[in-house]
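Read-outs throughout are calculated quantities, based only on the coordinates presented, and are distinct from any laboratory measurement. Everything numeric here is computed off the predicted structure, so don't read it as measured data. Cβ coordinates were reconstructed from backbone atoms using ideal geometry, including for glycine residues, and neighbour counts include every protein chain displayed.
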Amino acid sequence: MSIMSSTHPITGRITKPLVAPSILSADFAALGSDCEATIAAGADLLHLDVMDGHFVPNVTMGPALCASLHRRLPDVFLDVHLMVTAPTLYVEAFAKAGAGHITFHVEADEDPADVIKCIRDAGCTVGIAINPPTPWESIEPWLSEVDLALVMSVNPGFSGQSFIGDVLEKTKAISQRLRDDQRLEMDGGVNLQTVSDCREAGCDLLVAASAIFGSEDFATTITALRGA
Ligand code: DX5
Ligand code: ZN
């Protein structure tokens, strides 16, 4: 399933959890330097939350922003999380803009098989996401086809919301069904209080927006999120 180089952070076995700052809580007027600071502080990759105002009640960022970040930080892996109704409309543009990985939602209005093919054809690794109320069985038919499963632990739309602990049970169920070369990503309300539950449930890719960008010392926070 590995379609990228051996340094690709999504594929292949890993020994420690990866930490991905979600740039949604960065200062958009100082985005480049904010992102550089998280990488200097030990972040493994950057998570871009793309919202279309239809799938979720917020509008955030598009391919132009992704391209600018890629130009500024060409060696940094970009993990694009599409919270949009029609993901295939945007896949090629984000791939051209430097995305290395693209995750779409099973709740989007498109056939997951078509979206998976579209993302692979664009040269990116593929993730499938589920919202908090969605049962894990809804992604089961596609689990073997993707590189990553993303469990939303808040209802998507905004950073800074509280972690929904009920998702931990289905996270464990998904974890048991993933191969060693597949990642399990938790996104929403991940902070120093909730992160150990996420790791114990099997998550090896931890997204945090407010917990990182709202902290005094990015390096201390990122190290603590990753765990011992
Ligand atoms: C939520 C986004 C998350 C969000 C996380 O809709 O998908 O990535 O930015 O924000 P925090 O970590 O503040 O909950
Ligand atoms: Zn996200």
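Observations on the model:
- Test: residue in the stretch 3-12 that is farther than 30 Å from D109 by Cα and under 16 Å from the mean Cα position of the chain (by Cα): no
- The set of residues in the stretch 11-33 being within 16 Å of ligand 1 (Cβ to nearest atom) and either aliphatic (A, V, I, L, M) or not in a loop (DSSP other than H, G, I, E, B) (or both) consists of L18, V19, A20, P21, S22, I23, L24, S25, A26, F28, L31.
- The stretch 51-62 residues that are free of Cβ contacts under 8 Å to residues at least 40 places away in the same chain, paired with ones that are assigned to a loop (DSSP other than H, G, I, E, B) (beta carbon under 6 Å, 6 or more apart): D52/V84; H54/T85; V59/G53
- The listed residues are P133, P141, P112, and the only one of them that is free of Cβ contacts under 8 Å to residues at least 24 places away in the same chain and more than 13 Å from ligand 2 (Cβ to nearest atom) turns out to be P133.
- Checked across the stretch 18-25, the condition of being surrounded by fewer than 21 Cβ atoms within 10 Å (Cβ to Cβ) and within 25 Å of R226 (Cα to Cα) holds for at least one residue.
- Each residue in the stretch 174-203 was checked for being within 16 Å of ligand 2 (Cβ to nearest atom) and touching a strand residue (DSSP E or B) at 6+ places or on another chain (Cβ under 7 Å), and 11 of them qualify.
- Reported count of residues in the stretch 48-57, each being touching a Leu at 6+ places or on another chain (Cβ under 9 Å) and more than 11 Å from ligand 2 (Cβ to nearest atom), is 2.
- Put simply, of T85, T60 the only residue that is within 15 Å of ligand 2 (Cβ to nearest atom) and of a type in the set (S, T, Y) is T60.
- For the stretch 100-149, the set of residues classified as in contact with a Gly (Cβ under 9 Å, 6 or more places away or on another chain) and aliphatic (A, V, I, L, M) consists of I102, I119, V146, L148, A149, listed by residue number.
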